[in-house]
Amino acid sequence: MEIFKTPFSRAYWQYAVRDSKKLRTLVFSALMVAACVALSYLKSVPVVNNIRVSWGFLARALCALVGGPVNALLFGFVEDTVSYFMNPTEGYNPFYILTTMLGVFTYALFLYRAEVTVLRVFLAKLATNVQNVFLGGLGTYLWYSNGKGYWAIVSASTVKNAIMLPVQTLMLAALFAALLPILHRLGFLPDQAARLRLWKPAEHMIAAPIRTAQTEAVPNSGSRPQGKDSRAGSRDKDPWER
């Protein structure tokens, strides 16, 4: 499976469209919708004063990692709608469907078909929290402000999201550290995303051991060396593909 340093390439979006149509992606997304609904019933994690961290963002980020940005838009629409009707609190507001879709889309831009590092997880959560501050603040101002000004709402939300950011990053890092190897073995993730890294290692540090191993490998006399691609073919086969 190919990985990309950034989403700014035609091939990246071709893969994203293709993966969004796969049965395994749709099944996984449905499981994550169910996970979001289930997690909404769990008690939030108290951080400080009245600031609490909920659990739903974990399933959203995981779906974005596996499904990609195109699937993220569909998932965000379905998840927000289903979550509301399974646990309705206030009036149904389509504005928050858009913010959920954008949030999952942002996770995907950072995590899909990429080497997953703690730094990348932090940046993804930082970007979504910035969206929460300004877009979430706009929704609160338009419908639930009770006379509060927009910038007063944004200021309070900035403090809240800044406090939650390190806690949410640690929660995501712990989740990915546990699940990335499993998702890789199931064929959902490329080899480079098989485990969580602190940061992306320098390319020359990876290339050196590979060159050393290649020079030390000497084929038996009289035998024909097997091609690298032919050996890797069966090992890299996606178990979900038909």
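The values are calculated or read from the model by the stated rules, or taken from the named source; none is laboratory data. Values in this document were obtained by computation on a predicted structure and should not be read as measured data. Glycine also receives a Cβ, built like all others from the backbone with ideal geometry; neighbour counts cover every protein chain displayed.
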Taking the condition assigned to a loop (DSSP other than H, G, I, E, B), surrounded by fewer than 16 Cβ atoms within 10 Å (Cβ to Cβ) and at pLDDT 50 or above, does Gly222 pass? no
Considering segment 151-196, residues that are under 15 Å from the mean Cα position of the chain (by Cα) and of a type in the set (Phe, Trp, Tyr), and then whichever is modelled with the highest pLDDT, we arrive at Phe176
For segment 1-116, which helices (runs of 4 or more DSSP H) that fit wholly inside it have 2 or more residues that are of a type in the set (S, T, N, Q) and touching a residue at least 40 places away in the same chain (Cβ under 8 Å)? 23-39, 56-86, 95-111
Look at segment 1-52 and say how many of its residues are over 19 Å from Leu183 (Cβ atoms) and exposed (fewer than 10 other Cβ atoms within 10 Å of the Cβ). 7
Condition (residue is assigned to a helix (DSSP H, G or I) and either in contact with a Lys or Arg (Cβ under 7 Å, 6 or more places away or on another chain) or among the β-branched types (Val, Ile, Thr) (or both)) applied to segment 142-150: is it met by at least one residue? no
Residues of segment 81-128 being closer than 21 Å to Leu39 by Cβ and among the charged types (D, E, K, R), which ones? Glu90, Lys125
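Suppose we filter Tyr112, Tyr96, Tyr144, Tyr107 for residues that are in contact with an Asp or Glu (Cβ under 9 Å, 6 or more places away or on another chain) and at pLDDT 95 or above; which single one remains? Reasoning before the result, please.
Numbers: Tyr96 fails: at pLDDT 95 or above; Tyr144 fails: at pLDDT 95 or above; Tyr107 fails: in contact with an Asp or Glu (Cβ under 9 Å, 6 or more places away or on another chain).
Answer to the check: Tyr112.
If you take the residues in segment 133-174 that are out of contact with any strand residue (DSSP E or B) (no Cβ under 8 Å at 6 or more places or on another chain) and polar (S, T, N, Q), which one is surrounded by the fewest Cβ atoms within 10 Å (Cβ to Cβ)?
Our first condition is that a residue be out of contact with any strand residue (DSSP E or B) (no Cβ under 8 Å at 6 or more places or on another chain); within segment 133-174, this holds for 133-159, 161-162, 165-166, 169-170, 172-174.
Keeping just the survivors that are polar (S, T, N, Q) gives 140, 145-146, 155, 157-158, 161, 169.
Details: Thr140: 17, Ser145: 14, Asn146: 5, Ser155: 13, Ser157: 17, Thr158: 17, Asn161: 21, Thr169: 19.
Top of the filtered list is Asn146.
Which one is surrounded by the most Cβ atoms within 10 Å (Cβ to Cβ), of the residues in segment 197-216 that are of a type in the set (D, E, K, R) and either modelled with pLDDT of 65 or more or within 17 Å of Glu115 (Cβ to Cβ) (or both)? So that I can check it myself, show each step before the final result.
Filtering segment 197-216 for residues of a type in the set (D, E, K, R) gives 197, 200, 203, 211, 216.
Those left that are additionally either modelled with pLDDT of 65 or more or within 17 Å of Glu115 (Cβ to Cβ) (or both): 197, 200, 203.
Numbers: Arg197: 17, Lys200: 15, Glu203: 8.
Per the criteria, the residue is Arg197.
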